[in-house]
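The values are calculated or read from the model by the stated rules, or taken from the named source; none is laboratory data. These figures come from a predicted structure and were not determined experimentally. We place every Cβ from the backbone using ideal geometry, glycine too, and count neighbours over all the protein chains shown.
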Amino acid sequence: MIKQDLFGKQGYHTMIIAIGSDHRGFNVKQRILNFLSGMGHEVLDMGPGNEDCVDYPDFAFDVANSVSKKQAHRGILICGTGIGMCIAANKVAGVRAAPCHDSITAEMSRRHNDANVLCLSADLLGEELIERMVRIWLETPFEKGRHSRRIEKIEQFENDARTLPNPLSQVMTKKK
């Protein structure tokens, strides 16, 4: 379980951050790992361990589950475009993954959407921009207010969806 009151070397709130990638995002992941460690954060490297071809959902689910189960405060995922990782991560209850492509989307994903997983493109973003986006994303607080109501609606939908019967299972039983 994560601790809420950790303070890093540079005097700001530090976090436990789970990070994962596919083969295309491996090198960017390694750079972000070093960047996060330098900021004083604890990093959980969820893989992969090399550039061998892998399937992105495996790593997206590992990172998303660590955030959902509160083993990490936040998660970062990297693939070729960031889109595949985002789609997979958002299948995990309690995860609000955002594919960000600049400083503004990184900031607004936190400020208005309380995103807890940042999805990045290894192929389309430069090293300096990635570091700036990660820093902004980690340091930007959720504004709450009217945005809390919207997050609550998403959470309620997730909870309701888990308890509803699957309509397809009813159709399949009628055909038998």
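Picking from residues in the range 81-124 that are basic (K, R) and within 14 Å of the chain's Cα centre (by Cα), the one that is farthest from A161 (Cα to Cα) is R110.
Evaluation of D114 against the conditions (1) surrounded by fewer than 24 Cβ atoms within 10 Å (Cβ to Cβ); (2) under 18 Å from H13 (Cβ atoms); (3) in contact (Cβ under 8 Å) with a residue 40 or more places away in the chain shows that the sole unmet condition is (3). The residue pairs whose first member lies in the range 45-67 and is more than 19 Å from T81 (Cβ to Cβ) and buried (at least 18 other Cβ atoms within 10 Å of the Cβ), whose second member is charged (D, E, K, R) and at pLDDT below 95, and whose beta carbons are closer than 9 Å, counting only pairs six or more residues apart or on different chains, do not exist in this structure.
Take the conditions at pLDDT below 95 and outside any helix (DSSP H, G or I) and apply them to G11. Does it pass? Criteria met by G11.
Quickly run through the range 31-41 and pick out the residues that are in a loop (DSSP other than H, G, I, E, B) and in contact (Cβ under 8 Å) with a residue 60 or more places away in the chain.
Answer for the range 31-41, where residues must be in a loop (DSSP other than H, G, I, E, B) and in contact (Cβ under 8 Å) with a residue 60 or more places away in the chain: M39, H41.
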